[in-house]
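Just so it is clear, none of the values below were taken in a lab; they were calculated from the coordinates. If you're wondering where the values come from, they're calculated on a predicted model, not measured in any experiment. Methodologically, a virtual Cβ is constructed for each residue, glycine included, from the backbone with ideal geometry; neighbour enumeration extends over all protein chains shown.
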Amino acid sequence: LQSGAKVKVRMRLRGREIYNLDVARAQFDHFLEELEDVAVVEQRPRFEGRTMLMILAPDNTKKK
């Protein structure tokens, strides 16, 4: 993100984890909270098969 590249965050759910999507979404929200000063969400978390995916882009408006 600091070099200007986009980041794809992927979480693979295994076994019974697939039934607890709210826990996976909470993990994505926590991850986003940690990076909110340097990143913006380009693609909100979405579910694809057994994978949850989110794309982050560098936040150019907050650069010094």
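So, in the stretch 1-19, exactly how many residues are surrounded by fewer than 13 Cβ atoms within 10 Å (Cβ to Cβ) and in contact with a strand residue (DSSP E or B) (Cβ under 6 Å, 6 or more places away or on another chain)?
So the count comes out to 5.
ASP22 versus (1) out of contact with any strand residue (DSSP E or B) (no Cβ under 9 Å at 6 or more places or on another chain); (2) surrounded by 11 or more Cβ atoms within 10 Å (Cβ to Cβ); (3) not β-branched (Val, Ile, Thr): which is the lone unmet condition?
Unmet condition: (2).
Return yes when ALA5 is assigned to a helix (DSSP H, G or I) and out of contact with any Leu (no Cβ under 8 Å at 6 or more places or on another chain) and no when it is not.
No, not satisfied.
Provide a single number: the residues in the stretch 37-58 that are surrounded by 13 or more Cβ atoms within 10 Å (Cβ to Cβ), free of Cβ contacts under 8 Å to residues at least 24 places away in the same chain and not in a strand (DSSP E or B).
Residues flagged as surrounded by 13 or more Cβ atoms within 10 Å (Cβ to Cβ), free of Cβ contacts under 8 Å to residues at least 24 places away in the same chain and not in a strand (DSSP E or B) within the stretch 37-58 amount to 0.
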